[in-house]
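In what follows, a single structure is set out as C-alpha cells and then discussed.
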Amino acid sequence: MADRVTVFAAASLKTALDEAAAGFEAETGHEVVLSFAGSSVLARQIGLGAPADLFVSANEDWMDSLADGGHIVETSRRDLLSNRLVLVGPSGQKPGDMARALAGNTGRVAMALVDAVPAGIYGKAALTELGLWNLVAPRVAQTDNVRAALALVATGTAPLGIVYATDALAEPQVSVIAIFPDDSHPPIRYPAALISGRDTEAARDLLNYLSDTEAQGVFARHGFLPVGD
C-alpha cells in the first residue's frame, strides 16, 4: 500500500535529494514530501511537534539536540553523507588564494547564520582557525540557510560567499575560488534519523534507500562525499 513520507532536510541537500526522492517514489509508489530549510529551523520545528517522519541534518549538533529531547528513533540514526566548504565568487572568477581574496574584498561575504545554521557554524570555525574571522566578521551578510547565501552571490548582491562545495556545483552563476582545509573546521556530516512516533515502514524504507547504492550514486553525482572521505 502506498504511503506518504514527510522529510525535513537541510537546504544544501535540495537538488540531490529531489532527485533521490523521485527515484524512491518511482521504485516504491510511495509519495515523498520534502521540506528544506536550515537545520536549526527544522530541528526546532520537529521539537515543537511538526509532522516530519524523517530528518536529515547538516550537522550532528542539531540531531543531538533532538535526540536529547527524545524526538528521534535512536537506533535509526546514521550518517548519510559528507561535504566540503568553499569560498565562492561570481561565475568566471578564477581560483586563487583565500586570504588574499577575502582581504581584497570590500563588499559583503554571504554566509548562513554563523551561530545557528551548520554551514555558517562551519564557516565561522574555519575562518577563526585560519585567523581570518576578525577580518571578515564586519562584512558578513547572514542568511537563514546556505542556499540563501549562495543566491546572494549568484545574483551579484554579495561578491563572495561561503557555502558547501555541492551548492557551488548546483549554481552555474558562481565559481569556486578556494576550498577550506578539512582540518580547519569540524567534519561536515549529514546525520539522518526517523522521528519518534512516526517511524512508519515507508519512512524506514526511504531511510534505507538513501543509504544504499542507488541513492548514494545520486548524491555522488551532485558532489557529496561518502562519510569518512
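The values are calculated or read from the model by the stated rules, or taken from the named source; none is laboratory data. Note that the structure is a prediction, hence the values are computed from the model and not measured. Reconstructed Cβ throughout: ideal geometry from the backbone, glycine too, with neighbour counts over all protein chains shown. These area figures cover heavy atoms from the full protein model, side chains too; ligands, DNA and RNA do not enter into them. Shrake-Rupley method; radii C 1.70, N 1.55, O 1.52, S 1.80 Å.
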**Q.** Hits in segment 115-132 - residues which are within 18 Å of the chain's Cα centre (by Cα) and either open to solvent by less than 10 Å² (accessible area, probe 1.4 Å) or of a type in the set (Phe, Trp, Tyr) (or both)
**A.** Val117, Pro118, Ala119, Gly120, Tyr122, Gly123, Ala126
Q. Do we have Glu25 as out of contact with any Gly (no Cβ under 6 Å at 6 or more places or on another chain), without any contact (Cβ under 8 Å) to a residue 60 or more places away in the chain and either over 23 Å from Pro181 (Cβ atoms) or open to solvent by 50 Å² or more (accessible area, probe 1.4 Å) (or both) here?
A. yes
Q: Kindly indicate whether Ala67 is in contact with a helix residue (DSSP H, G or I) (Cβ under 8 Å, 6 or more places away or on another chain), at pLDDT 95 or above, open to solvent by 10 Å² or more (accessible area, probe 1.4 Å) and part of a helix (DSSP H, G or I).
A: yes
Q: Could you tell me which residue of segment 28-40 is surrounded by the fewest Cβ atoms within 10 Å (Cβ to Cβ), considering only residues that are modelled with pLDDT under 95 and assigned to a helix (DSSP H, G or I)?
A: Ser40
Q | Any pair with Cβ under 7 angstrom, 6 or more apart, that starts in segment 8-20 at a residue that is closer than 14 Å to Ala165 by Cα and open to solvent by 50 Å² or more (accessible area, probe 1.4 Å) and ends at one that is modelled with pLDDT of 95 or more and not in a helix (DSSP H, G or I) | A | Lys14/Phe36; Thr15/His222
Q | Search result, residues across segment 38-94 that are free of Cβ contacts under 8 Å to residues at least 24 places away in the same chain and on the phi > 0 side of the Ramachandran plot | A | Gly49
Q: Report, by residue number, each residue of segment 70-95 that is in a strand (DSSP E or B) and buried (at least 18 other Cβ atoms within 10 Å of the Cβ).
A: Ile72, Leu80, Leu81, Leu85, Val86, Leu87, Val88, Gly89
Q. Looking at segment 51-78, which of the residues that are among the hydrophobic types (A, V, I, L, M, F, W, C) and out of contact with any strand residue (DSSP E or B) (no Cβ under 7 Å at 6 or more places or on another chain) is nearest to Phe8 (Cα to Cα)?
A. Trp62
Q. Here are some conditions: (1) at pLDDT below 95; (2) open to solvent by less than 10 Å² (accessible area, probe 1.4 Å). Ala2 meets all but one. Which one does it not meet?
A. (2)
Q.
Between a residue in segment 96-112 that is on the phi < 0 side of the Ramachandran plot and open to solvent by 20 Å² or more (accessible area, probe 1.4 Å) and any residue that is of a type in the set (Gly, Ala, Ser) and in a loop (DSSP other than H, G, I, E, B), which pairs come within a Cβ distance under 9 Å, given they are 6 or more apart or on different chains?
A. Ala99/Gly131; Gly107/Ala158; Arg108/Ala158
